[in-house]
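Input: a single structure, listed below in structure tokens.
The values are calculated or read from the model by the stated rules, or taken from the named source; none is laboratory data. For clarity, every value in this text was computed on a predicted model and none was experimentally measured. Please note: Cβ atoms are built from the backbone with ideal geometry, for glycine as well, and neighbour counts cover all protein chains shown.
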Amino acid sequence: MNNTIRMPVTIMRGGTSKGVYLLETDLPEDKDAWEPLLLRLMGSPDKKQIDGLGGSQSVTSKVAIVKKSDRPDADVDYTFAQVSVDKPLVSYKGNCGNISSGVGPFAIEKGLVEAKDGQTSVRIFNTNTGKIIISDVQTPGGEVAYEGGFAIAGVPGTASPIRLKFVQPAGTLGNGLLPTGHAVDTLEVPGFGPVQVSIVDAANPLVFVKAKDLGLTGKELPDELNADQGKLDLLEAVRGLAAVKLGLIEDYTRSAWDTPGIPKMTFVGEAEDYVTVDGKEIKKESIDLLSRMMSMQKAHPSYAMTGAMCTAAAAVVPGSVVQQVLNPNVDTQFIRIGHAGGVLECGVDFKENGEVPVIDDTFGFRTANLIMEGTATIRL
């Protein structure tokens, strides 16, 4: 006999992602029951997610689970769930910075945090990474402001800015900023050959490779890349080998199943003129590097916020792949990443410490929008 659950849900855009935001108190106490429930909620596995709230892309198949925190250094605890579109899989490995940008407004809307007149700082403990994120939300008159004049690449129009600061973001896997102990590692890719990479862990672990080393330019657009199965397979092989290097899996060919979300695959190049998905021309003088990210084995349509945080951290690692392609005159308080959707600006506060800098925090600006509040009917 089918079990029908009616659950309060909020749909929000967070940065360049969209997801379902839930109060943990509305979920079963048994966390083993979460996966089948979230799969049905989002309509997975199905490429169209036609029978759920998912939007058929990795960036629109995300869930934020929030509760009031018992920690002295946090106001709320936030668990991120990446719900696979086409696989019966929910991954809690790693965090999503874009979805994180909706957590502060959501917490205020649900009364978990009392809003101040003007601006409210929400201290968020991300359970996936064990890290604190401080979200500065505009709250004139004690209410969340969604409208404003701030624009981010990959989102139409403007909205109110939300500043996100990732405090001491290094070492989400417990092995520091450089979890392999090296700024550069060489991976032997079967059927391709050796590839130099930098595996950096800040906000989320990323594996960086030079675009040209994989026969890419760094200017590829998502549809172009997604249509090239050979390149997708190569990128996933590199990511899988990095996952093995990190000790996340033993067989790199299982990466899409066993660790689909981390490390995040990223390829970079020196600043050049390029054209965005919207046909806008970006001049090389307005960026400090080219970068493209992958998300759940497909090209990310813009850029992950945690990816930007890790890119900012990698930029100050001596000899890293990112530093090798970076504008030598870069202002590390204002790093401009040229991605498929446009330009993302971010920064890093750090202390030089020989080969491995100490990352105090990384930061950037996002926006969010409350789209819907209602009740979802979930038939298990």
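Can you pull out every residue in region 90-104 that is crowded, with 24+ Cβ neighbours inside 10 Å and either of a type in the set (Val, Ile, Thr) or more than 16 Å from LYS68 (Cα to Cα) (or both)?
Correct list: GLY94, ASN95, CYS96, GLY97, ASN98, ILE99, SER101, VAL103.
Looking only at region 160-170, how many residues end up being of a type in the set (Gly, Ala, Ser) and either in contact with a Lys or Arg (Cβ under 9 Å, 6 or more places away or on another chain) or buried (at least 21 other Cβ atoms within 10 Å of the Cβ) (or both)?
1
Give me the residue from region 299-322 that is at pLDDT 95 or above and polar (S, T, N, Q) and, out of that set, farthest from THR362 (Cα to Cα).
Taking the candidates together, the pick is SER320.
Taking the condition in the same structural domain as HIS300 (by TED's automatic domain parsing) and among the β-branched types (Val, Ile, Thr), does VAL189 pass?
Against the criterion (in the same structural domain as HIS300 (by TED's automatic domain parsing) and among the β-branched types (Val, Ile, Thr)), VAL189 qualifies.
Take LYS87 and decide whether it is surrounded by fewer than 19 Cβ atoms within 10 Å (Cβ to Cβ), assigned by TED's automatic domain parsing to the domain that holds ALA153, in contact (Cβ under 8 Å) with a residue 24 or more places away in the chain and basic (Lys, Arg).
So LYS87 fits the description; yes.
From the set of residues in region 92-135 that are in a loop (DSSP other than H, G, I, E, B) and among the basic types (Lys, Arg), which is nearest to the chain's Cα centre (by Cα)?
Ranking the qualifying residues of region 92-135, first place goes to LYS93.
If I filter region 105-128 for residues that are in contact (Cβ under 8 Å) with a residue 60 or more places away in the chain, of a type in the set (Ser, Thr, Tyr), crowded, with 18+ Cβ neighbours inside 10 Å and on the phi < 0 side of the Ramachandran plot, do I get at least one hit?
No, that holds for no residue.
Can you tell me how many residues in region 204-238 are more than 28 Å from ASP273 (Cβ to Cβ) and touching a strand residue (DSSP E or B) at 6+ places or on another chain (Cβ under 9 Å)?
So the count comes out to 4.
Report the residue count in region 161-181 for those that are part of a strand (DSSP E or B) and farther than 15 Å from ARG366 by Cβ.
2
Name the residues in region 129-149 that are buried (at least 24 other Cβ atoms within 10 Å of the Cβ) and out of contact with any helix residue (DSSP H, G or I) (no Cβ under 6 Å at 6 or more places or on another chain), would you?
THR129 - this is the single residue of region 129-149 that is buried (at least 24 other Cβ atoms within 10 Å of the Cβ) and out of contact with any helix residue (DSSP H, G or I) (no Cβ under 6 Å at 6 or more places or on another chain).
If I ask for residues that are of a type in the set (Ser, Thr, Tyr), touching a His at 6+ places or on another chain (Cβ under 9 Å) and surrounded by 21 or more Cβ atoms within 10 Å (Cβ to Cβ), which ones from region 267-298 would you list?
Matches in region 267-298: SER291 only.
I'd like to check something: does region 257-266 contain any residue that is in contact (Cβ under 8 Å) with a residue 24 or more places away in the chain and surrounded by fewer than 18 Cβ atoms within 10 Å (Cβ to Cβ)?
Within region 257-266, one or more residues are in contact (Cβ under 8 Å) with a residue 24 or more places away in the chain and surrounded by fewer than 18 Cβ atoms within 10 Å (Cβ to Cβ).
For the condition modelled with pLDDT of 95 or more, in the same structural domain as GLY347 (by TED's automatic domain parsing) and under 21 Å from the mean Cα position of the chain (by Cα), what is the one hit in THR253, THR276?
THR276
Please work out if PRO194 is in contact with a Pro (Cβ under 6 Å, 6 or more places away or on another chain) and assigned by TED's automatic domain parsing to the domain that holds GLY354.
It is false that PRO194 is in contact with a Pro (Cβ under 6 Å, 6 or more places away or on another chain) and assigned by TED's automatic domain parsing to the domain that holds GLY354.
Does LEU234 fit the bill of being at pLDDT 95 or above, assigned by TED's automatic domain parsing to the domain that holds ILE287, assigned to a helix (DSSP H, G or I) and surrounded by 17 or more Cβ atoms within 10 Å (Cβ to Cβ)?
Yes: the conditions hold for LEU234.
Determine the pairs where a residue that is closer than 11 Å to PHE106 by Cα, located within region 365-380, has a partner that is among the acidic types (Asp, Glu) with Cβ atoms under 8 Å apart, the partner being 6 or more residues away or on another chain.
Between residues of region 365-380 that are closer than 11 Å to PHE106 by Cα and residues that are among the acidic types (Asp, Glu), the close pairs are LEU370/GLU109.
Which ones in region 314-325 are touching a residue at least 60 places away in the same chain (Cβ under 8 Å), within 16 Å of ARG336 (Cβ to Cβ) and buried (at least 24 other Cβ atoms within 10 Å of the Cβ)?
Within region 314-325, ALA314, VAL322 qualify.
Restricting attention to region 343-377, report how many residues are crowded, with 17+ Cβ neighbours inside 10 Å and charged (D, E, K, R).
3
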